[in-house]
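Encoded as structure tokens, the structure appears first; notes follow it.
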Amino acid sequence: MFDTKKRAAIVSELQDYFDRELEAELGQFDAEFLLDFLIKKLGPAFYNQGLEDAKGVLDRRVADIADELYEIEMPDDL
């Protein structure tokens, strides 16, 4: 899912968080295992929310285009 550099940065952030907030040491293996768990369990929810957000943007843009098309309609006397 993440390239090696990004994955290493996230693992490091998890380790720092555990150290700072929980005063607990999180080893490299455990941090990677935790990251895999979070991706598996939370990833779909974040992905689906991203899709919903994108759909909302798209819906607004389509509505704007429809409004603009309505504005340039010509009168039809037939």
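Remark: Leu69 matches the filter, which requires a residue to be exposed (fewer than 10 other Cβ atoms within 10 Å of the Cβ), modelled with pLDDT of 95 or more and either hydrophobic (A, V, I, L, M, F, W, C) or in contact with a His (Cβ under 7 Å, 6 or more places away or on another chain) (or both). Scanning the stretch 1-12 for residues that are charged (D, E, K, R) and either loosely packed, with under 12 Cβ neighbours inside 10 Å or over 18 Å from the mean Cα position of the chain (by Cα) (or both) yields Asp3, Lys5, Lys6. Take the stretch 19-39 and flag every residue that is surrounded by 10 or more Cβ atoms within 10 Å (Cβ to Cβ), in a helix (DSSP H, G or I) and not acidic (Asp, Glu). Matches in the stretch 19-39: Gln28, Ala31, Phe33, Leu34, Leu35, Phe37, Leu38, Ile39.
Taken as a whole, the condition of being small (Gly, Ala, Ser), on the phi < 0 side of the Ramachandran plot and not in a helix (DSSP H, G or I) does not apply to Ala63. Conditions: (1) part of a helix (DSSP H, G or I); (2) among the acidic types (Asp, Glu); (3) at pLDDT below 95. Glu52 meets all but one. Number of the miss? So Glu52 meets the others, but not (3).
The values are calculated or read from the model by the stated rules, or taken from the named source; none is laboratory data. Not measured: the values here are computed from a predicted model. Every residue, glycine among them, receives a Cβ derived from its backbone with ideal geometry; neighbour counts consider all protein chains shown.
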